[in-house]
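Heads up, the thing below is written out as structure tokens.
We did not get these values from a lab; they are worked out from the coordinates using the rules stated. Since we're looking at a predicted model, the values are computed, not measured. Note that we place each Cβ from the backbone using ideal geometry, even for glycine, and neighbour counts take in every protein chain shown.
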Amino acid sequence: MESIFNLVWRHTEDEQVGMIGLYGMGGVGKTTLLTQIHNNFNRARNDFNLVIWIVVSKGHKIEVIQDKIGEKIGLFSGVWKRKEQHEKAEDIFRILNTKKFVLLMDDLWEPVELTKVGVPIPDSRNKFKIVFTTRSEEVCGHMDAQKKIKVGCLTWDKAWNLFQEKVGNETLLLHPDIPEHAEIVAKECGGLPLALITVGRVMACKKTPQEWKHAVQVLRRLASGFSGMGDKVFPLLKFSYDNLPSQKVRSCFLYCALFPEDFVILKDDLVYFWMCEDILDEYGNVEEAKNESYHIIGTLLASCLLEDEGDSVKMHDVIRDMALWLACDLGKEGESILVDTGAYHAPNVAKWKNMKRVSLMGSGIKSLDETPRSPNLLTLFLRGTFLERIVNDFFDFMPTLQVLDLSQNVFITQLPTRVANLVSLQHLNLSYTCIKWLPVELAACARLKYLNLEHTLLLDYVPPNILSNFPLLKVLRILDCGSSNRVFFYNEKTMIDELQGLKHLDVLSLTVGDTSCFRNLDSHHILVTCTLTLCLNGEDYVNPSSYFDLSDVAMANMKYLDTLQIKHMVDVYSTWITRLENPDCFLGLQFIVVVNCTNLKNLEWLVFAPNLIRLHCSLGCLSTLAVLKQVISLLKERKSGGIA
């Protein structure tokens, strides 16, 4: 694999490339790379007769940059320094335009207006070169860089070599147990050169295994307590945080630190969290909130404070530590948070008092037996713990709580009835829990905008008309909800009336078991207006009253249908679906799951799903090689542009 230096150097030799932007998070080695490029220009044979290096400080002034360049090209004098900006620009342009120059600019925080400075713009005719470093991909765009190159963290081999170099073999070989602990310490640095160098130098004098074990404990528990992290590494990284465009974006960044280390965070989850905590502007629908959220996520990605993972994002370990240092240790950001994702016991109730956000996600806590007083708490993450019991009055003194995530708690069988005290609650996620009934007291949470009951397979009781108590509901997820598909559809007409009463509903996921139920939903236009995940599941219907034809789904014209699951529908089939008059019936469909549908032999209807990303079929559906070939042929045809 080509090294980052070789890649950059190759572009400097390309006559079609005049401007190169190197971007990456703080401490990743951008300045070191630019130094190597500078040295190589001075050392290697090339056609350039002038190589200029300048550091562009934050909040730069044009005159300061002019003075730095003027000094490099022999213009800097008392008389010249007193000239007006436009006069300096003319002088700089006159000299640089007659030379073949390379301008290396380090540490740009904002775009530099080169014409105002007097620097000629590189093109294929003049063959001038400009290479700059920045923490922001957006700066690369504003500078019209023909090549934008991200400087990433080191691979493990290079990171380990750098760490060993800073620690020294003498220390590493003092005890046979030290190398093992040293590797763990190095991995905690996440390949970030600044952290590797800082931590490595500190550990160079640690001569016992116990000291190395302690270093691991500190880095994992409270990295800011490690020498050099809180006073060197984090302050340098904080510049990127300070440079974010608004307090709203900074708050969204700190929110991402609530998740465990190396956690892959779904972008859409962030949309709903931020929307329901009222971080975003007030919007009439989810789509507008999603647009703003994705704009914020894009800003954080461009600032190298998050890492893109497709439909998800990740936060680098050291960046997360810096965020926790900001929110927890400094306590100056108004974002007081308590994060203990490795806890085995609930935090002392005294710790909850001033917290705005608490995350015990993925912890080993088994019970919450005390009643904390949290007058300012906005978000509480209890996802994926070992919780078996929540004392009934646990939520009594959380009047401002807006986001509660209890998902993926397989040992939770009931929700405390005193949940009714959460009068500000807007987001409730109970998905993948083993709750058996919803308390009727939940109706008091009238401000709910998001309710997720997906995959609550043991749920067998939902209070009648419960949904009518949530008039502000925007997102309702009841896919695979209940021990039977009829836990919500106990009374089909009542359920349809409830859904129709949700005037703000934008996102809906649900499971339907038979044709008549589906047609009733369709006839009331409930399936047309929402972004939809639809599961057709006949598992609970031993003797279906009628077959299920996929043309029913297509004719419903669910243009916002995103995900379609067809499970255990032994009588489902597709007939004239390929002859539909409306070719846009599955236009938004991206994900299809087909499980145990032995009569579904024809998949030609996939031609009506041009945006399909993923198709999952069990062998029970594609029982013949011919059908499998049919799918592959369709996908190949689409890839080559044959399917409109």
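Some points to look at:
- Fraction of beta bridges assigned by DSSP in the chain that are antiparallel (%, nearest 5): 5 percent
- Residues Val419, Val391 arranged by fewest to most Cβ contacts within 10 Å: Val391, Val419
- Sequentially through the range 46-57, phi angles give Karplus couplings (6.51, -1.76, 1.60; θ = phi - 60°) of 7, 8, 8, 10, 8, 10, 10, 10, 9, 9, 9, 6 Hz, Gly and Pro residues having no value and appearing as x.
- Note on Thr515, Thr494: ascending count of other Cβ atoms within 10 Å places them as Thr494, Thr515, the fewest first.
- Residue exposure proxy: Lys150, Lys449, Lys58, ordered by other Cβ atoms within 10 angstrom of their Cβ from fewest to most, comes out as Lys58, Lys150, Lys449.
- Under-5 Å amide H pairs with Val151, H placed in peptide plane, nonlocal only: Tyr23, Gly24
- Distance violations [Cα-Cα > 31 Å] among Lys99/Lys232; Lys81/Lys232; Lys267/Lys559: Lys99/Lys232; Lys81/Lys232
- Counting every C-alpha pair in the range 168-261, the share spaced more than 24 angstrom apart comes to 29%.
- The chymotrypsin sites (Phe, Trp or Tyr not before Pro) of the range 34-113 include none that DSSP puts in a loop with a beta carbon having at most 12 other beta carbons within 10 Å.
- Hydrodynamic radius by Kirkwood, which averages 1/r over all alpha carbon pairs of the range 356-474, in angstrom: 14.2 Å
- What separates the Cα centres of the range 164-227 and the range 387-445 is a distance of 42 Å.
- Over the chain, relative contact order from alpha-carbon pairs under 8 Å, at least 6 apart, %: 6 percent
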